[in-house]
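Take a look at the structure set out below.
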Amino acid sequence: MTGFSNRFLIGHAVGIAGVAIIVAAVAIAVFAPLIAPVPASQIDLHARLVPPAFVEGGSAKHFFGTDNLGRDILARLIYGSRISLAVGTAAALLGAVIGSLMGILAGYFGGRVDAAISWFVDVQLAFPFTLLAIFLLGTLGGGFYAVVIVLALATWVNYARVVRAQVLTVKVQDYVLAARAVGVGTPRTLWRYIFANSTAPIIVVASFSTAQAILTQAALSFLGVGIDPSIPSWGAMLNDGREYLQKAWWIATFPGLAIALTVLGVNLFGDWLRDRLDPRSAR
Amino acid sequence: MIDPVDTRLPVSEAVALKVQYSSRRRNCLGRLTTTTIRAVDGVDLTIRPGEAVALVGESGCGKSTLGRALLRLERVSEGAVRFAGSDLTGLSEAILRPIRRNMQMVFQDPFSSLNPRMQIGETLAEPLLVHGLASKAEARARVAEILQIVGLDPAVAGRHPHAFSGGQRQRIAIARAVIARPKFVVADEPISALDISVQAQILDLFEDLKERFALTYLFISHDLAVVRHIADRVAVMYLGRIVEEGSPESVFDNPLHPYTQALLAAVPSPDPVRERSRPNPVLRGEPPSPATAVTGCRFRGRCAHAMPVCAMADPALARGADGTHAVACFLHHQ
Ligand SMILES: Nc1ncnc2c1ncn2[C@@H]1O[C@H](COP(=O)(O)OP(=O)(O)OP(=O)(O)O)[C@@H](O)[C@H]1O
Ligand SMILES: [Mg+2]
């Protein structure tokens, strides 16, 4: 008994930690101009590659140091959270909409609809995503919306698979047959009966897809095909810092830590949510 | 009371009805094989206005399938299904939808037959709204009214199903079935999942609603005491076929089919004298699988009276001299 309630409380603490990290990240993004010590793109060629304040040779003026153009790392981290969080959230949402719709259609109608959608899912999973992303971003020409669309293409498959599986169990419930017996039409049945009872796995997938999207956006910037690298984003900063890893480790390390922490927060929150939504777990 | 040549149009009718499920499976050699399950295998059944017809039989004999097929919730493989004289057999779902308000269903398990994500009020208003029978405000009033009729507080309309007990949920499911004033209701073992203590109340509710709304029932049950209580007519089903049919008195007090006799013998009688003198033709073995085709009488493998003719021909459901009690058995065919 005690073991169980301890686990339950620890579960809650972990969930709250996740929420705290997410709330902090969002607050930083929203209030960036108020928090940042200097503008993100302010170049100071006299203060290039200054180490962080807590390292020998560091300066209190630049807490996390500066990059090769003398831009303040802390300021760039704060402003960079905007793109990273916006891209992660938008991609996860768009992926959720596309993937849930496909999963519902495949699971509910079955047959050829299912075969066609499952074929797309399999192809997508078999095809190296980076190649697809480079090709699409080359064609679409980069930019925020292009990156969001490409990342949604990377994540919709996750949603489609879990939603389809969930729909297969929901559609054989008596209440779905009862809806047909009452005379409820197909669109309303899909929305109020099938979708409404398939949301639990969507929420869980959304949490790890957000993390995946933030990481992939960073990877795309790293490859130089993402969002214009002059706009600060954590991915672009990682990319910039890679040449200086030997001389100035702080340029790449801090955005890397920011990504890791955010992904951790989202995952903690997702795990907690999954446990909460599992009907077998006590409430 | 039952007129042998009732000329009123039947409410619901099955004519040589067959419903088959086919499932494809790989056999041990990896070949795709199709097995056909004959869930309903040639049923003729006529349900007249105001009647409560009970359908009894062992688990898996096809009672639920027959009930759903009468409402065209199943695809008909052969034969026909009619409702109030019109043929529903080949109609598409789109054409059936407006007809559905006149024929409803109550399911066995009230824990799975209500959408957990909809408020009770929404669930109950749905039949009225999807058929355009009421405005939203009118629907709200009708929901309050029907909740009162089925014995619930109208204030519960805003709650979700998880807030209710099994008996209360079944009242809600019954309210959903009757709110649009249908003519015909199929109730598929509607009390067997409930606590013994509430079964009688729900049964009373069915009787009360039958009077109030002039309903016609197909009442599926395996509890013969319940059937005796509620039914005007009983149909005994065995392996996809109706083997005996008649008034509850004639079927229960004078069962003709060896299967019905065995079914009744399995129920202890409340009367101790009768109980002691109870004949003992206990049902042996399991029914054959509905996936295997049978020739001749489908009961002969378990029948104590099997004759050579039973292996050669399939007995038809034939009416006796009184015109109401019918049986499908060569012992009673002249
Ligand atoms: N959707 C389905 N697909 C395949 N076989 C089915 C399906 N539904 C029912 N069956 C089979 O058809 C036969 C009749 O089933 P049905 O549910 O109508 O029986 P029942 O008399 O209602 O039984 P019970 O008393 O257990 O409810 C059974 O053998 C069952 O396994
Ligand atoms: Mg059944």
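Values in this text are rule-based calculations from the coordinates and carry no lab data. Everything numeric here is computed off the predicted structure, so don't read it as measured data. No Cβ is skipped: glycine too gets one built from the backbone with ideal geometry, and neighbour counts run over all protein chains shown.
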**Request:** Could you name the lysines whose alpha carbon sits less than 18 Å from that of B:K63, not counting residues in the same chain fewer than 8 places away?
**Result:** B:K18
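Can you compute the helix-only [θ] at 222 nm over chain A? Use -39500 (n - 2.57) per DSSP H run of at least 4 residues, normalise by all residues, nearest 500 deg cm²/dmol. Mind dumping the intermediate values first?
On the way: 10 runs with 195 residues, N = 283.
So the calculated ellipticity at 222 nm is -23500 deg cm²/dmol.
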**Complete:** For B:P110, the net charge from surrounding residues (Cβ-Cβ under 12 Å; K, R +1; D, E -1) works out to -2
**Item:** Approximate spin-label separation A:A53-B:N254, in nm, with each point projected 7 Å along Cα-to-Cβ
**Value:** 10.4 nm
**Asked** Whole-Hz Karplus ³J(HN,Hα) for segment A:47-57, in order, using 6.51 cos²θ - 1.76 cosθ + 1.60 and θ = phi - 60°, x for Gly and Pro?
**Response** 10, 7, 6, 6, x, x, 4, 8, 10, 4, x
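Efficiency by 1/(1 + (r/R0)^6): what FRET value for A:A13 and B:I95, r their Cβ-Cβ distance, R0 = 60 Å, to the nearest 0.05?
0.55
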**Request:** Would you kindly derive the ³J(HN,Hα) couplings of segment B:98-113 from the backbone phi angles with the Karplus curve 6.51 cos²θ - 1.76 cosθ + 1.60 (θ = phi - 60°), listing them in order in whole Hz, with x for Gly and Pro?
**Result:** x, 6, 4, 5, 8, 9, 10, 9, 10, 8, 5, 9, x, 7, 10, 9
**Asked** Which of the lysines could a cross-linker bridge to A:K61, judged by Cα under 22 Å and excluding same-chain residues fewer than eight apart?
**Response** A:K247
**Message:** If I measure Cβ to Cβ between cysteines in chain B, which ones have no partner under 4.7 Å?
**Reply:** B:C28, B:C61, B:C303, B:C329
**B:L55 long-range amide H proximity, modeled H, under 5 Å** = B:F219, B:I220, B:S221, B:A235
**Asked** Amide H of A:A53: which non-local residues (sequence gap of 5 or more, or other chain) have their own amide H closer than 5 Å, using H built in the peptide plane?
**Response** A:S59, A:F64, A:G65
**Complete:** If one compares the long axis through the Cα atoms of helix B:120-130 with the longest principal axis of the Cα atoms of chain B, the angle in degrees, nearest 10, works out at 80 degrees
**Request:** Among the lysines, select those whose C-alpha is under 17 Å from the C-alpha of B:K210, and discard any that sit fewer than 8 residues away in the same chain.
**Result:** B:K183
**Message:** Which residue fluctuates most in the GNM of chain B (Cα springs below 10 Å): B:C61, B:C297, B:C28?
**Reply:** B:C28
**Fill in**
Along segment A:61-68, Karplus-curve 3J(HN,Hα) (6.51, -1.76, 1.60; θ = phi - 60°) to the nearest Hz, with x for Gly and Pro, reads 5, 10, 4, 9, x, 10, 9, 5
**Request:** Name the most mobile residue of B:E207, B:E245, B:E189, meaning the one with the largest mean-square fluctuation, in a Gaussian network model of chain B with Cα contacts below 10 Å.
**Result:** B:E207
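Taking 0.36 nm per residue of sequence separation and subtracting the Cα-Cα distance, how much length would be gained by fully extending the chain between A:V113 and A:T169, in nm to one decimal? Display every interim value, and only then the final one.
On the way: separation 56, 0.36 × 56 = 20.16 nm, distance 1.76 nm.
So the extension gain works out to 18.4 nm.
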**Placed amide H near B:L17: partners under 5 Å, 5+ positions off or other chain** = B:G42, B:V43, B:D44, B:A80
**Highest-MSF residue in chain B out of B:Y238, B:Y21, B:Y217 [GNM, Cα springs under 10 Å]** = B:Y21
**Between 0 and 90°, nearest 10: helix A:144-170 axis offset from chain A longest Cα axis** = 30 degrees
